[in-house]
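**Q** This structure is in structure tokens; I'll ask about it shortly.
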Number of protein chains: 2
Amino acid sequence: MDASALACDTPLVAPAMSDTEAEALAQALKAVADPTRVKLLHRLISAAPDGVCVCDLTAPLGIAQPSVSYHLRILRQAGLVERRQERNFAYFSVRAEALRRLATLLDPTPQEVRT
Amino acid sequence: MDASALACDTPLVAPAMSDTEAEALAQALKAVADPTRVKLLHRLISAAPDGVCVCDLTAPLGIAQPSVSYHLRILRQAGLVERRQERNFAYFSVRAEALRRLATLLDPTPQEVRT
DNA sequence: TCTCCACATCGAAACCCATCTATATGCAGA
DNA sequence: TCTGCATATAGATGGGTTTCGATGTGGAGA
């Protein structure tokens, strides 16, 4: 498959990303790559750190309650938000470090080494 | 639709994100939220700043050439990579500021004001 | 216990996306 | 001009995703 490449050269330093790593990163990004979930995250980010209850998320988004539940599950499975149950209400809040880590992975600037 | 909300309260400071804004951000993120495109970006980021030619991207990704072309188009339409034609070859390179801007938007940490 | 409320899950319908093969385009050399 | 190569586009197909209405679940009050 690669024996014929004599046309152009690639200096390429890094040894390519593994399939596993690429899929993990893509999956995390997919969790955010939806207008409804972007809005959800925005609301959760700009709200109180102890979370927002679902009943306050349904109406302003203009979609049905099961849809909100679905999107919150996606975000939760991606580790981007967390759920706290209190009486009948479920409060959702962002996991700031998870979002920050995702942001760091996207940033092409060479980062300083982390401890 | 909203007159009955008397169950829980939301302090909510920010005035919700506009549909347009949310969709723009989601679309940019969608461009990255794919394993193949993550790998492509990784290669372009870790390669020389003057770009990598398509012929060097096709083989290592294990997908057909039109698929590579398709993904590069997605990334280009999102403004994340740019294309430079030289003779028969097309060289692609990352737009670092675009990626960095996306990373910044994801970061929940309150940023310093930009000029 | 019975009922109500908040939220989650189910199943179906509509839609979008990644991939392929086949083909077009455009440059360069013979 | 004709041929060959690198890349892009077209059209088709299979699979995944978002949305909904209907229903399940579990806590709290009557």
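The values are calculated or read from the model by the stated rules, or taken from the named source; none is laboratory data. If you're wondering where the values come from, they're calculated on a predicted model, not measured in any experiment. Because the Cβ atoms are built from the backbone with ideal geometry, glycine has one as well, and the counts that use them run over all protein chains shown. The area values use the complete protein model at the heavy-atom level, side chains included, leaving out ligands, DNA and RNA. Shrake-Rupley method; radii C 1.70, N 1.55, O 1.52, S 1.80 Å.
**Q** Could you check the simple spin-label distance between A:Gln77 and A:Gln27, using points 7 Å along Cα→Cβ, in nm with one decimal?
**A** The two pseudo-label positions are separated by 0.9 nm.
**Q** Using a label point 7 Å beyond Cα on the Cα-Cβ vector, give me the inter-copy distances for A:Cys55 in nanometres, one decimal, shortest first.
**A** So the label point of A:Cys55 gives 6.6 nm to the other copies.
**Q** Please give, to one decimal in nm, the separation of the simple spin-label points placed at A:Thr109 and A:Glu86, each 7 Å out from Cα toward the Cβ.
**A** With each label placed 7 Å out from Cα toward Cβ, I get 3.7 nm.
**Q** What are the trypsin sites (Lys or Arg not before Pro) within region B:15-115 that DSSP puts in a loop, where the Cβ has at most 11 other Cβ atoms within 10 Å?
**A** Loop-located and lightly packed - B:Arg87, B:Arg114.
**Q** Give me the one-decimal nm value for the distance between modelled label points at B:Arg100 and B:Ser18, 7 Å along each residue's Cα-to-Cβ direction.
**A** 2.6 nm
**Q** Going 7 Å from Cα along the Cα-Cβ axis for the label, what nanometre distances separate B:Ala96 from the same residue across the other copies?
**A** 2.8
**Q** For the B and A pair, go ahead and give the buried accessible area with a 1.4 Å probe, both sides summed, in Å² to 100.
**A** 3800 Å²
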